[in-house]
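Asks: Sharing a structure with you now.
Please treat every number below as a calculation from the coordinates, not as lab data. Note that the structure is predicted; figures quoted are calculated from it, not measured. Please note: Cβ atoms are built from the backbone with ideal geometry, for glycine as well, and neighbour counts cover all protein chains shown.
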Amino acid sequence: MGVEEILRHGYQGLVTAVEVAGAVVIFVGAAWAALRFVVEGLRHRSAAVFTPIRLSLGRFLTLGLEFQLAADILRTAVSPTFTQIGQLAAIAAIRTALNYFLGREIRQEQQQVRESERAR
């Protein structure tokens, strides 16, 4: 096994680790939000209690998507072909759009939470 092969395996391990980190962040966020949803749903009957849960889930999703995009960039960085670059561009555009709209929704939800707290 040569040095190049060892580096390639190490690099693949790094890409896999970043992908797994993103998946774990999303899974933990979804599990946490589902648990909170059930607990708060049993305790309260108001829809307003779910807004903070949605905000937290949105943050988990955003972070997880960032990890996934980082893994895609790492995968393409080694020896990119035009096809891989095109795929990366499409994936990056989709994930950037998702992050943008998710971030916008989070800001709107935070504004609503602040306004409802002021009204109390």
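Asks: Could you give the Stokes-Einstein D for the chain in µm² per second, using the C-alpha Kirkwood radius, 10 °C, 1.306 mPa s?
Replies: After rounding, the answer is 95 µm²/s.
Asks: Here is a further query. Determine the dipole magnitude for the range 3-119: charges of +1 sit on the beta-carbon of Lys and Arg, -1 on that of Asp and Glu, nothing else is charged, the reference point is the Cα centre, and the result goes in debye to the nearest 20.
Replies: Approximately 500 debye in magnitude.
Asks: What does the extension gain come out to for TYR11 and ALA97, with contour length at 0.36 nm per residue minus their alpha carbon separation?
Replies: Once the chain is fully extended between TYR11 and ALA97, it gains 28.2 nm.
Asks: Specify which residue in the list GLY2, GLY103, SER116 is farthest towards the positive end of the charge dipole of the chain, using unit charges on the beta carbon of Lys, Arg (+1) and Asp, Glu (-1), about the Cα centre.
Replies: About the Cα centre, the residue reaching furthest to the positive side is SER116.
Asks: Hey, rough spin-label estimate for GLU109 and GLU4, points 7 angstrom out along Cα→Cβ, what's it come to in nanometres?
Replies: Between GLU109 and GLU4, the label points sit 4.9 nm apart.
Asks: Take the chain, connect every pair of alpha-carbon atoms lying under 10 Å apart with a spring to form a Gaussian network, then pick out the residue of GLY58, GLY29, GLY86 with the largest mean-square fluctuation.
Replies: Among GLY58, GLY29, GLY86, the largest mean-square fluctuation in the Gaussian network model of the chain belongs to GLY86.
Asks: With label points built 7 Å along Cα→Cβ from the Cα atoms of LEU42 and ARG59, find their separation and express it in nm.
Replies: Between LEU42 and ARG59, the label points sit 2.5 nm apart.
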